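The values are calculated or read from the model by the stated rules, or taken from the named source; none is laboratory data. On a predicted model such as this, the values are computed, not experimentally measured, just so you know. Every residue, glycine as well, gets a Cβ built from its backbone with ideal geometry; the counts of neighbours run over all protein chains shown. Areas reflect the complete protein model, heavy atoms only, side chains present, ligands, DNA and RNA absent. Shrake-Rupley method; radii C 1.70, N 1.55, O 1.52, S 1.80 Å.
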Amino acid sequence: MTAMLSIDGLWKSFAGFVATRDVTFELLAGETHAVIGPNGAGKTTFFNLITGHLRPDKGSVSFEGRDLVGLPPQKIVRLGIARSFQRINIYPRLTVFENVQVALIAHEGQQWNLFRPGRSLHRQGTQELLELVGLASEAEETAGELSYGKQKQLELAIALASQPRLLLLDEPTAGMSPQETGETIASVRDIVKARGLTLLFTEHDMSVVFGIAERISVLHHGEIIASGTPDAVRNDPEVKRVYLGEHAHG
Amino acid sequence: MPQRRDLIASAIVVLLLALLPLAGSRYAIDLTTEVMIYALFALSLNVLIGFTGNISFGHAAYFAIGGYACAILLTTYGWPLALALPAAVVLAGLVAAVVGYFCVRLTQIYFAMLTLAFAMLVWGVAFKWKEVTGGDDGFTGIKMPEIIAHHVGYFYFTLVVVAAGIAALWVICHSAFGLTLVAIRENSVRAGFIGVDTRHMRWAAFTVAGTFGGLAGALFGMYHRGMYIENAFWTESANVLIMVLLGGIYSFIGPIIGAAVLHLLQTFTNQYTPYWPTVLGLILLVIVMVLPDGLIGLVRRVRARGGRP
Ligand SMILES: Nc1ncnc2c1ncn2[C@@H]1O[C@H](COP(=O)(O)OP(=O)(O)OP(=O)(O)O)[C@@H](O)[C@H]1O
Ligand SMILES: [Mg+2]
């Protein structure tokens, strides 16, 4: 397999605090890859650097051979990288349906159409995405009034609407009930398989991580301290010491 | 597509307005003309405020540019209305595009302050450029085409132009473009992550708002047979902003209601007391304290309560 995303010597600091320290990383096309690490390890920052939300201080990010550093999020998503957010990031006063519909409109470049009625576009595509994440019956509800778990599912639907080849999910099940977690992970796995997506995700729930990841990278204080198959990572002494061990006790 | 019910309701309103000159006094006709012009002005501002989430404190600038340009082209240059009016509207839109180019680099209060600064600049030009604008004497004695010189003719002219303007704004606000603007208002960061260039979109919204504001201004100048520097002053920007807030920013027709209510209140208050600014202050207080979604929001809340089984 070839590398879809290659990251080399990536650094990012906030007012002297180093959140990403010399990260070198390769994501293979088609793989499902988890990034784990304790709170504050720099997982979200890492995603922000890839998707253009933050600009690295140093280092390179290249996606299918294209340099992403300096590109704004709207350009990067058009190259085929979409993401969901750890903290809910939806359009609270729009309906659930419109939240997804507007992403499809943007994906098709129709946001500059001043004449076509927005609500008539992509009705079927929107419906299909809502069914996929299990929100079809909430379509007409105001997004901001959904339960937390459902808002997370909406996050996923919005990201999928951009029809990415690489999907980044930042703690897709955080705050969900065990049942919602199970359903979400099952549908993520199905979607990834059906669409042939490459998936990079962060997650604190180790049963989810070890259940679906083909490879795992461990971040600690902004550094990747281990990267490899689930078994290799599970048995890595450094990882056990800083992360998994502490989880086992907690 | 507009709901059938909305289309019928709009048609009825236009029809009733068209009948007004048969029954109404000159006073009623003039007052209605004014309300229609302010309604278009307020709606144009709401493209920025309600739909895009950007508060402009300088919308009077485009109103004034449209008004002065139309007046000057008709009178100084003797252009026919069919050229002067579109040219004035295009000019207002172009100036809005130039000003907007800089303003949309900023957000929130900094954006608002920059719109105010540019509006003061426009006021300054109207004040200083005496040979062209008449300075603080105003630009008076606008030459009006024969058919709309009479107040009834002007009423019908305004009705047609405002109805067309509102229809155009309706289409724009409900288009894919309009829906995307609402997404930017709701969460501009997320809008970036679905592939929307939010700065360009806000720029376009600014230009649309300025263009239609200019159209309202052109109608206003011809109606009053003159343009005055006060029309470009920041108080005028504040006035239209209050109309928008009073009606409600989250609905398309809110600003129309706000414009009508505020203008009628102002007219009646002025007949009895010299304290309009005080009344305006009280209205603003009420909006901020109890009507955050304006009158439309109030109606919706009352309906929701009444509809409960
Ligand atoms: N914009 C920012 N400004 C300043 N500091 C930041 C910023 N973003 C992140 N940080 C800091 O960088 C560190 C890494 O944060 P990050 O959110 O990437 O961690 P994380 O691994 O995603 O944590 P969690 O598991 O809690 O989500 C934290 O100490 C955080 O406080
Ligand atoms: Mg995080």
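Rounded to the nearest 10 square angstrom, A:HIS220 shows an accessible area of 40 square angstrom against a 1.4 Å probe. Dimensions of the range B:55-156 along the principal axes, based on C-alpha atoms and rounded to the nearest Å, stand at 46, 29, 20, largest first. Looking at B:ILE257, B:THR115, B:GLY210, which one has the Cα that reaches farthest to the positive end of the dipole of chain B (charges on Cβ: Lys, Arg +1; Asp, Glu -1)? The Cα lying farthest towards the positive end belongs to B:ILE257. The ellipsoid equivalent to the alpha-carbon distribution of the protein assembly as shown has semi-axes of 54, 25, 20 angstrom, derived from the gyration tensor eigenvalues as √(5λ) and listed largest first. Positive contributions from Lys and Arg (+1) and negative ones from Asp and Glu (-1), summed over other residues with Cβ under 15 Å from the Cβ of A:PHE63, come out at 0.
Remark on the range B:115-214: hydrodynamic radius 17.0 angstrom, per the Kirkwood mean of 1/r across alpha carbon pairs.
Shielding of peptide A:73-82 by partners, expressed as the average count of other chain Cβ atoms within 10 Å per residue Cβ, is 4.
Within the range B:219-252, find all residues whose amide N lies under 20 Å from a label point positioned 7 Å from the Cα of B:GLN3 along Cα-to-beta-carbon. From the range B:219-252, the list is B:247-252. When its C-alpha radius of gyration is set against 2.2 N^0.38 Å (N residues), chain A gives a value of 1.01.
Interface area, chains B and A: about 2700 Å² of buried accessible surface, summed, with a 1.4 Å probe and ligands, DNA and RNA left out.
For the range A:72-125, applying the loop criterion from DSSP together with a ceiling of 13 other beta carbons within 10 Å to the chymotrypsin sites (Phe, Trp or Tyr not before Pro) yields A:PHE115. Among A:LEU104, A:LEU79, A:LEU169, the largest mean-square fluctuation in a Gaussian network model of chain A, built with springs joining Cα atoms closer than 10 Å, belongs to A:LEU79. For the range B:26-232, the dipole from Cβ point charges (+1 on Lys and Arg, -1 on Asp and Glu) about the Cα centre works out to 400 debye, to the nearest 20.
Average projection, convex hull of the Cα set of the range A:90-163: 4.4 square nanometres.
Proximity of backbone amide H atoms, modeled 1.01 Å from N, is registered between A:PHE201 and A:HIS33, A:ALA34, A:VAL35, A:LEU169 at under 5 Å, excluding neighbours fewer than 5 places apart on the same chain.
Please work out the FRET efficiency for the pair B:ALA164 and A:SER187, using the Cβ-Cβ distance as r and a Förster radius of 45 Å; give the result to the nearest 0.05. Efficiency, rounded to the nearest 0.05: 0.40.
Can you pick out the pairs among A:LYS150/A:LYS240; A:LYS75/A:LYS152; A:LYS75/A:LYS240; A:LYS43/A:LYS150 whose Cα atoms lie more than 28 Å from each other? Over 28 Å Cα-Cα: A:LYS150/A:LYS240; A:LYS75/A:LYS240.
Comparing B:ASN231, B:ASN46, B:ASN187 in a Gaussian network model of chain B where C-alpha atoms under 10 Å apart are linked, the largest mean-square fluctuation is found at B:ASN187.
Shown for the range A:90-163: the carbon plus sulfur share of the solvent-accessible area, taken with all protein chains present and a 1.4 angstrom probe, equals 48%.
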